[in-house]
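A short worksheet on the structure shown next.
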């Protein structure tokens with residue numbers, strides 16, 4: 001499905017795939033204070049204009065929100081930046097699945113979490 005700017009709108013499935021991949025990556029963080037974190041949802045912002053599409057084509061980034069929880073202590077809203085590799089960006093623009101570009105367990109670090117500022121950055125393969 002395309003938005004008004006001609007940019008592929010992420011399906012619920014894409015956001016769910018990101019959610020599960022983030023949860024798996026959080027479980028592997030080496031810092032004790034980060035253990036027990038999990039992702040309860042991801043939403044990517046939708047550009048409203050053609051200039052939004054051009055910006056994505058130029059930057060290869062999409063912004064959004066991720067909801068991160070820790071055990072039973074609650075949920076926090078994090079700013080999310082998804083950085084697309086050129087191949088992932090091309091697939092996304094074409095409405096193709098992103099699953100081939102989501103790192104699996106043991107992959108190089110692809111997630112940066114900065115808890116004090118509640119920012120999360122993902123680098124797709």
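Filtering segment 98-120 down to residues that are surrounded by fewer than 16 Cβ atoms within 10 Å (Cβ to Cβ) and in contact with a strand residue (DSSP E or B) (Cβ under 7 Å, 6 or more places away or on another chain), which residue is nearest to residue 31 (Cα to Cα)? That would be 112. Within segment 44-59, track down each residue that is surrounded by fewer than 16 Cβ atoms within 10 Å (Cβ to Cβ) and touching a residue at least 24 places away in the same chain (Cβ under 8 Å). Selection gives 46, 48, 49, 50, 51, 57. Pairing each residue of segment 104-118 that is closer than 17 Å to residue 76 by Cα with any residue that is exposed (fewer than 11 other Cβ atoms within 10 Å of the Cβ), provided the two are 6+ apart or on different chains, yields no C-beta distance under 6 Å. Do we find that residue 69 is under 21 Å from residue 43 (Cβ atoms) and either touching a residue at least 12 places away in the same chain (Cβ under 8 Å) or surrounded by fewer than 18 Cβ atoms within 10 Å (Cβ to Cβ) (or both) in this structure? So residue 69 passes the test.
Look at (1) more than 18 Å from residue 97 (Cβ to Cβ); (2) surrounded by 13 or more Cβ atoms within 10 Å (Cβ to Cβ); (3) in contact with a strand residue (DSSP E or B) (Cβ under 9 Å, 6 or more places away or on another chain); (4) at pLDDT below 90 and you find that residue 15 fails only one, number (1). Exactly one residue out of 41, 74, 95 is on the phi > 0 side of the Ramachandran plot and out of contact with any strand residue (DSSP E or B) (no Cβ under 7 Å at 6 or more places or on another chain), and it is 74.
The values are calculated or read from the model by the stated rules, or taken from the named source; none is laboratory data. What you see is a predicted model, and the numbers here were worked out from it, not measured in a lab. Virtual Cβ from ideal backbone geometry, glycine too; neighbours counted across all protein chains shown.
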